[in-house]
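Reviewing the structure listed below.
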Amino acid sequence: MSYTKEKQDSTIVLHDLLSATGVSGYEDCVRDKLSSYIKPFVDSISIDTFGNLIAHKKGDGPKVMFSAHLDEVGLMITYIDAEGFLFFQPVGGVDSTLLPGQRVHIHHAGNTIVGVIGKKAIHLLSAEERGKNTAIKCEDLWIDIGACSRAEAELRVEIGDYITYSTTPQLLTEDILLSKSLDDRAGVFVLYEIARLLSNETLRCDLYLVASVQEEIGCRGVRTATFSLQPNIGFAIDVTHATDYPTVSPKKSGNIELGRGVVIAKGPNIDQGLCEQLKQVAQKAGLKYQLEAIPHPTGTDANLIQITGNGVRTALLSIPCRYMHTANEVVSLNDIENTAQLAAEFLKLL
């Protein structure tokens, strides 16, 4: 990403979206931020009953929807013991083996409480326990907020409070970004960039940019949005697994690399014509792209878009991401920008 003043401003938007709270079912904070950022570039914004943000840019022609999900994986308090330790369960797909020692934020009544996820120290484990140490479950862990009793803890938190990772966005290089919630705030940021890039364009389609909720627990939000809007064409924008790091087999998982551009999906979840159009637009615009074969439903918003109502012509654009669903996901800023540029070029040529 070249750092003109305009791009610098966009980078600030991305960092703000990444830092916001938005576990599935608790997306209000990040949705409000996106609404304020995208509002100058669209004709109207609405929030539907389920909580999806829908930004509309009017145009003549087919109804086109781009969707990216607001929510991130996280945790939720399910029990507080007599000593004031908090027990939890995951919201979405969380690898519990990576949780011990993580700092977290607990969100309660507008306040943020800092805690740390605890586990018995390795020095105190018996030989039998050490043998089981690689199979850590959430019920083996707890959150310490410094409380000495249940009553003291309940002055600050309660059952059902959401929990997020306490990490902040960091640049590893000028291009490589490290952060929580890149799945799928990177895609949400692409929605913002599409609106910005097309702000002075007259489109030959009616464009809806949908920031969906509750994707991480079953693509629930996009289903209601698609049913309501009934688009002719639907795109999902999400991250996909980069396979360019140790222990991952490209033969098994495909060859997806950071910095090599947007990923265009192929498979039964994808309309073949749209896939070919995206490739042609990328080639014409000189944009780097990669192909990903997905021989089954994709596990993204594209899955539900395609089979809602009478069916929707559907495509999936993805951003390569390392270490997905952890506190420190990694992506390329240039890949994010390529994704936004391909979407914008497609819409201008539609």
> Can you find even one residue in region 336-350 that is in contact with a strand residue (DSSP E or B) (Cβ under 9 Å, 6 or more places away or on another chain), over 21 Å from E72 (Cα atoms) and modelled with pLDDT under 95?
Replying inline: yes
> Given I45, I54, which one is closer than 25 Å to K180 by Cα and either in contact with a Pro (Cβ under 7 Å, 6 or more places away or on another chain) or of a type in the set (V, I, T) (or both)?
Replying inline: I54
>> Taking the conditions exactly as written (farther than 26 Å from Y165 by Cα and open to solvent by 40 Å² or more (accessible area, probe 1.4 Å)), does P100 satisfy them or not?
In response: no
> Is it true that E292 is in contact (Cβ under 8 Å) with a residue 40 or more places away in the chain, within 22 Å of F66 (Cα to Cα) and out of contact with any helix residue (DSSP H, G or I) (no Cβ under 8 Å at 6 or more places or on another chain)?
Replying inline: yes
>> Would you confirm, using the coordinates I've provided, whether A147 is more than 30 Å from S46 (Cα to Cα), at pLDDT 95 or above and assigned to a helix (DSSP H, G or I)?
In response: no
>> Given the condition open to solvent by 20 Å² or more (accessible area, probe 1.4 Å) and under 18 Å from E72 (Cβ atoms), answer yes or no: does some residue in region 149-160 qualify?
In response: yes
> How many residues are over 15 Å from the mean Cα position of the chain (by Cα) and under 25 Å from N328 (Cα atoms) when one looks only at region 161-220?
Replying inline: 14
>> Which numbered condition in (1) touching a residue at least 24 places away in the same chain (Cβ under 8 Å); (2) open to solvent by 30 Å² or more (accessible area, probe 1.4 Å) is the only one that L191 fails?
In response: (2)
> Which residues, taken from region 201-218, are under 22 Å from L70 (Cβ atoms) and either among the aliphatic types (A, V, I, L, M) or open to solvent by 10 Å² or more (accessible area, probe 1.4 Å) (or both)?
Replying inline: L207, Y208, L209, V210, A211, V213, Q214, E215, E216, I217, G218
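For (1) open to solvent by less than 40 Å² (accessible area, probe 1.4 Å); (2) among the basic types (K, R); (3) touching a residue at least 12 places away in the same chain (Cβ under 8 Å), each residue gets a yes or a no:
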residue	(1), (2), (3)
G267	yes, no, yes
K288	no, yes, yes
I307	no, no, no
T339	yes, no, yes
L342	yes, no, yes
>> Exactly one condition in (1) assigned to a loop (DSSP other than H, G, I, E, B); (2) over 22 Å from L229 (Cβ atoms) is false for L17; which is it?
In response: (1)
> Filtering region 19-78 down to residues that are β-branched (V, I, T) and under 20 Å from the mean Cα position of the chain (by Cα), which residue is most open to solvent (accessible area, probe 1.4 Å)?
Replying inline: I47
> Can you list the strands (runs of 3 or more DSSP E) found entirely within region 220-300 that contain at least 3 residues being farther than 22 Å from V210 by Cα?
Replying inline: 289-293
> among the small types (G, A, S) and at pLDDT 95 or above, is that true of S35?
Replying inline: yes
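The values are calculated or read from the model by the stated rules, or taken from the named source; none is laboratory data. None of these values were measured; they are calculated from a predicted model. For neighbour counting, all protein chains shown are included, and Cβ atoms are generated from backbone atoms with ideal geometry for every residue, glycine included. Just so you know, the surface numbers come from the protein's heavy atoms only, side chains and all, with ligands and any DNA or RNA stripped out. Shrake-Rupley method; radii C 1.70, N 1.55, O 1.52, S 1.80 Å.
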